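*Asks:* The structure is given below, and queries will be raised subsequently.
The values are calculated or read from the model by the stated rules, or taken from the named source; none is laboratory data. Keep in mind it's a predicted model, so treat the numbers as computed, not measured. Counting neighbours? That spans all protein chains shown, and the Cβs are built from the backbone with ideal geometry, glycine included.
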Amino acid sequence: METPSGYKKYDGHTDFVRAVVTTRLQGKDVLVSGGADAQILVFDIASGERLSVMKGHAKGIQGLVVDPVSLDSDSQELVVFSSGSDREIRRFDIASGSKDLTGTDAILVHDTNVYKLFFDRDADLWTASADKSAKCLVREEGWKPNLTLTHPDFVRDVVVYEQGGWVVTACRDEEVREVTGLVLLGSTLVSVSIDATIRRWSLRPEDLQVAVERAKNTSIDEEPEPNPGSMLTEEEERELAELLEDD
């Protein structure tokens, strides 16, 4: 619906909206949204009309990504992959209308929440999870993982910089502010964090080398003051984070 200020509002979710992607479906620009209500909704961007509802996850949706293979002009499907707090990864063909896949087989490669999904140039699927790992799932092997990157804490996001041959992840770390999202624009990486900042990072080799040298040469006096200790124990903080993710 149109709001008084001229912005368009897309209604339908009964809880937080956590992920959105846009694509084209049958000649229309569409918005695909995933919410904490465990629903995936498809909207006509121009009219605001809700076109379909996808169900299948037992808990809230965390990530959405369009399968690049289904964007081929010869494809009869338009597939969106979704990940959720139920640790499942599911695929929905949004070209065929509403559907409920509850109880059907899902891709299960993580122990808990799967936050983000990313397709690389080979159309293999990368995942970021609260089980402290990022994985590469190979399409030709039925989405079996052939690489697991372990981390010290939750992995919030993952992107692949093909030109440099690098995988970039966003991790929750007790020593720094938590990075919650990544966007790759050419050779520039944009990150967002709970410290209320949006930062840009160059992935060009010469710029990375400068950054590494600068980090090595930072003196103790230049180090930022440590944050005051939390009143919660580490275990209590983890439990609180998991409860918030499941809301």
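*Asks:* I'm checking my understanding of the structure. Among residues of the stretch 85-132 that are within 16 Å of ARG18 (Cβ to Cβ) and among the basic types (Lys, Arg), which one is surrounded by the most Cβ atoms within 10 Å (Cβ to Cβ)?
*Replies:* The selected residue is LYS116.
*Asks:* Test ARG139 against the criterion of being of a type outside the set (S, T, N, Q) and either free of Cβ contacts under 8 Å to residues at least 40 places away in the same chain or farther than 19 Å from PRO68 by Cα (or both), and give yes or no. Spell out the reasoning first.
*Replies:* On the way: of a type outside the set (S, T, N, Q): yes; either free of Cβ contacts under 8 Å to residues at least 40 places away in the same chain or farther than 19 Å from PRO68 by Cα (or both): no.
No.
*Asks:* Next up: Within the stretch 75-110, count every residue that is within 24 Å of ASP29 (Cβ to Cβ), assigned to a loop (DSSP other than H, G, I, E, B), out of contact with any strand residue (DSSP E or B) (no Cβ under 8 Å at 6 or more places or on another chain) and in contact (Cβ under 8 Å) with a residue 12 or more places away in the chain.
*Replies:* Taking the stretch 75-110 as the starting set, the residues that turn out to be within 24 Å of ASP29 (Cβ to Cβ) are 75-83, 90-99.
So of that shortlist, the ones also assigned to a loop (DSSP other than H, G, I, E, B) come out as 75-78, 97-98.
Now drop any that are not out of contact with any strand residue (DSSP E or B) (no Cβ under 8 Å at 6 or more places or on another chain), which leaves 75-76.
After this cut, where a residue has to be in contact (Cβ under 8 Å) with a residue 12 or more places away in the chain as well, the list is 76.
So the answer is 1.
Each row is one residue, and each column tells you yes or no for (1) of a type in the set (Lys, Arg); (2) under 15 Å from the mean Cα position of the chain (by Cα).
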site: THR14; (1), (2): no, no
site: VAL20; (1), (2): no, yes
site: LYS28; (1), (2): yes, no
site: GLY60; (1), (2): no, yes
site: PHE119; (1), (2): no, yes
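*Asks:* Exactly one of these conditions fails for THR150: (1) more than 16 Å from the chain's Cα centre (by Cα); (2) among the β-branched types (Val, Ile, Thr); (3) surrounded by 12 or more Cβ atoms within 10 Å (Cβ to Cβ); (4) at pLDDT 95 or above. Give me its number.
*Replies:* Of the numbered conditions (1) more than 16 Å from the chain's Cα centre (by Cα); (2) among the β-branched types (Val, Ile, Thr); (3) surrounded by 12 or more Cβ atoms within 10 Å (Cβ to Cβ); (4) at pLDDT 95 or above, the odd one out for THR150 is (3).
*Asks:* Enumerate the strands (runs of 3 or more DSSP E) found wholly within the stretch 116-182, keeping only those where 2 or more residues are small (Gly, Ala, Ser).
*Replies:* Numbers: elements: 125-129, 133-138, 144-150, 155-161, 166-171.
The strands (runs of 3 or more DSSP E) meeting that bar are 125-129, 133-138.
*Asks:* Can you name the residue in the stretch 3-42 that is in contact with an Asp or Glu (Cβ under 7 Å, 6 or more places away or on another chain) and more than 9 Å from ILE61 (Cβ to Cβ) and, of all such residues, is surrounded by the fewest Cβ atoms within 10 Å (Cβ to Cβ)? Show your work before the answer.
*Replies:* Going residue by residue through the stretch 3-42, those that are in contact with an Asp or Glu (Cβ under 7 Å, 6 or more places away or on another chain) are 8, 13-15, 22, 28, 30, 35-37.
Checking the rest, the ones that are also more than 9 Å from ILE61 (Cβ to Cβ) come to 8, 13-15, 22, 28, 30.
Working: LYS8: 13, HIS13: 18, THR14: 9, ASP15: 13, THR22: 12, LYS28: 15, VAL30: 20.
Result: THR14.
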